[in-house]
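Below is one structure, written out as structure tokens; comments come after it.
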Amino acid sequence: MSKEDLIKHQFKKGKTGNPDGRPKGSLSMTKLLRVYLETKDPKTGKYIKDIVNEAFVKRAVAKSDVLMKEILDRVDGKVVNKNELSGKDGGPLEITGVEISIRK
């Protein structure tokens, strides 16, 4: 494909590739998933979200450190990793050799 062909098919500045957007009233994948998780399984009478959670925890305990970490992060919140930068002997950080320009 030539450069001219590529340029011809690029999005034009200020124009979206989907001008009409998603149709009004249509549900996003997230909304559909939330609706599904709130339904009950006809066989067990349990909510789908409870079945999924139970399976998730069982697998995490049996096989997966990654899933266990995900569960703990959601229950207890992610551990905050604090990094502090300081200069020599814990003093202020000295920054040199940086040029700053302000545009209007």
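Averaging sequence separations of C-alpha pairs under 8 Å and six or more residues apart, then dividing by the length of the chain, give the relative contact order as a whole percent.
Averaging sequence separation for qualifying contacts and normalising by length gives 8 percent for the chain.
Quick one: work out Rg over Rh on the C-alpha atoms of the chain, Rh as Kirkwood radius.
Reported Rg/Rh, Kirkwood definition of Rh: 1.22.
With unit charges on the beta carbon (Lys/Arg positive, Asp/Glu negative), name the residue among V57, T39, L93 whose Cα is farthest towards the positive pole of the charge dipole of the chain.
Result: T39, furthest along the dipole toward the positive end.
Could you work out which residue, out of E38, E70, E94, moves most in a Gaussian network model of the chain, that is, has the largest mean-square fluctuation with Cα springs under 10 Å?
So, out of E38, E70, E94, the one fluctuating most is E94.
Just to be sure I understand the model, the point goes 7 Å from the Cα along the line to the Cβ. What's the resulting E94 to V35 distance in nm?
In this crude spin-label approximation the distance works out to 6.4 nm.
If you put +1 on each Lys and Arg Cβ and -1 on each Asp and Glu Cβ, how big is the dipole of the chain around its Cα centre, in Debye rounded to 20?
700 debye
How many lysine pairs does segment 40-80 hold where the Cα atoms are under 25 Å apart and the two sit 8 or more places apart or on different chains?
Lysine pairs meeting the criterion: 13.
No lab work stands behind these numbers, since they all come straight from the coordinates. Given the structure is predicted, the values throughout are model-derived calculations rather than measurements. Here the Cβ is made from the backbone with ideal geometry for all residues, glycine too, and neighbour counts use every protein chain on show.
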